[in-house]
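The values are calculated or read from the model by the stated rules, or taken from the named source; none is laboratory data. This one's a predicted model, so the numbers in the text were calculated from it and none came from an experiment. Ligands, DNA and RNA are stripped out before the accessible areas are found, and what is left, the full protein with its side chains, is counted by its heavy atoms. Shrake-Rupley method; radii C 1.70, N 1.55, O 1.52, S 1.80 Å.
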Amino acid sequence: MLDDARAPRRPGGHGSGRGRPRDPELDRRVLETTLGLLAEVGYGGLTVAEVARRAQVGKPAVYRRWAGKSQLVVEALVTQLRPQGDAGAGSVVEDLTGLIGELVHLLTRTPLGRVLPGLVSEMATDPVLAESYRRLIIGPNQQRWWSAVERGIGRGELVAETDVDAVVNALAGPLYLRVLITGEPVPDDYAATAVGMVLARYGATAPHSRPMEKEG
């Protein structure tokens with residue numbers, strides 16, 4: 001089996017700052033193997049030993065990179081988060097529509113979407129997994145959504161009193177509900193409908209946002 005010297009630390013990992021540089025090919029193989037095993041057996045059935053065996057690396061080499069199973073799994077899932085272009089390049093409608101499209105793809109066409117229901121169940125009893133998932137996956141993605149809404153407010157596309165959290169929850173929440181609870185497919189027009197509802201409530205040109213004319 002392949003092995004390596006003590007590796008430098010990485011986000012969520014466990015290596016020290018000493019030793020020769022990390023081997024990107026070994027990292028890639030371990031993470032891809034982790035994703036494949038997750039799809040087969042879920043989080044509960046995955047073991048570091050089996051990941052190491054399938055990736056043809058020594059188990060100590062895995063532990064030098066990742067503190068344990070939860071960090072390994074979360075970092076493997078992070079590799080599925082690939083933003084589509086510059087989220088701040090367009091109007092608030094374009095930004096939010098793009099973010100919805102990314103999330104739909106993530107939840108329906110990647111390993112994360114396939115294992116998410118079981119992963120959420122495991123997070124209820126594994127606080128280390130829950131903290132890593134929220135910090136490395138949920139947090140950065142929430143920030144992109146918040147930033148898109150805040151840019152819309154700053155450009156005057158949304159009213160100043162827009163409730164940013166309410167907007168993000170209204171757009172993303174139903175997608176997670178379908179994946180985790182109901183199992184219903186996401187309608188093709190979901191993005192247009194959801195963004196339209198946001199504009200109807202908080203859009204700067206919506207009827208409620210226009211100043212009332214004085215009588216008389």
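Can you give me the pair-distance distribution of the range 92-216, C-alpha pairs, 10 Å bins, whole percents? Calculated P(r), rounded to whole percents: 12, 38, 29, 15, 4, 2, 0. Applying the Karplus relation 6.51 cos²θ - 1.76 cosθ + 1.60 with θ = phi - 60° to the range 172-180 yields 3J(HN,Hα) values of 8, x, x, 5, 5, 4, 5, 6, 8 Hz, where x marks Gly and Pro.
A 1.4 Å probe, protein heavy atoms only, puts the accessible area of R178 near 50 Å².
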